[in-house]
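Please read the structure below before turning to the comments.
The values are calculated or read from the model by the stated rules, or taken from the named source; none is laboratory data. Predicted model, so just to flag it, every value in this text is computed and none were measured. Cβ placement follows ideal geometry from the backbone for every residue including glycine, while neighbour counts extend to all protein chains displayed. Quick note on the areas: whole protein, heavy atoms, side chains included, nothing else; ligands and nucleic acids left out. Shrake-Rupley method; radii C 1.70, N 1.55, O 1.52, S 1.80 Å.
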Amino acid sequence: EAPAVPASGSLAVDGAALHLDLAAPTLAGQAFEALKASAPRMRSFGPDQLARANEDLVYITRFVAAALLAEDPGVFLEFLDWRAALLVARAIPVAALVAELSALAPLLEAVDPRAGALVAAGLRRLA
């Protein structure tokens, strides 16, 4: 049986989730600056490493937004599982991901408390 298709105009879109997605580069940049200030180790990073760290923050923010849009926390939590496994495979401590989430948490919480709750759930999952 074919899936039900919503009637035209009846699909509600989560404005806060869309805002998170659109603001991901800005929010990531703010979190990146906070992360650099709190993690002296980052001062030794080269330009490519710094760019990747910032890009990771954008991805995290966009996966939070996707989970909110899909109304499925698993979208974000499964991404975190994958990301943690990737870091371990590259001999990077999962603490790096925890630091990224911690830097993003207050910024995402300010946009939407549900985003903050998702990040908190992710931090508990990684603990």
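Of the listed requirements (1) of a type outside the set (V, I, T); (2) open to solvent by 70 Å² or more (accessible area, probe 1.4 Å); (3) touching a helix residue (DSSP H, G or I) at 6+ places or on another chain (Cβ under 8 Å), R52 misses just one: (3). Of the candidates V119, V58, the single residue that is in contact (Cβ under 8 Å) with a residue 40 or more places away in the chain, among the β-branched types (V, I, T) and within 18 Å of A17 (Cα to Cα) is V119.
Just to confirm my filter: which helices (runs of 4 or more DSSP H) fall fully inside region 1-113 and include at least 2 residues that are touching an Asp or Glu at 6+ places or on another chain (Cβ under 6 Å) and modelled with pLDDT of 95 or more?
Numbers: elements: 15-38, 47-70, 73-89, 95-111.
By residue number, 47-70.
Each residue in region 114-127 was checked for being over 16 Å from T61 (Cα atoms), open to solvent by 40 Å² or more (accessible area, probe 1.4 Å) and in a helix (DSSP H, G or I), and 2 of them qualify.
Across region 93-115, the number of residues qualifying as more than 17 Å from M42 (Cβ to Cβ) and under 10 Å from the mean Cα position of the chain (by Cα) comes to 3.
Could you go through region 83-99 and let me know if any residue there is in contact with a Gly (Cβ under 7 Å, 6 or more places away or on another chain) and either among the basic types (K, R) or within 23 Å of A39 (Cα to Cα) (or both). No, because not a single residue in region 83-99 is in contact with a Gly (Cβ under 7 Å, 6 or more places away or on another chain) and either among the basic types (K, R) or within 23 Å of A39 (Cα to Cα) (or both).
Tell me, which residue of region 60-92 that is among the charged types (D, E, K, R) and under 11 Å from the mean Cα position of the chain (by Cα) is surrounded by the fewest Cβ atoms within 10 Å (Cβ to Cβ)? Explain how you work it out, then say what you get.
Restricting attention to region 60-92, the residues satisfying the condition of being among the charged types (D, E, K, R) are 62, 71-72, 78, 81, 83, 90.
If we keep only those that are under 11 Å from the mean Cα position of the chain (by Cα) as well, we get 62, 83.
Values: R62: 19, R83: 21.
Ranking the qualifying residues of region 60-92, first place goes to R62.
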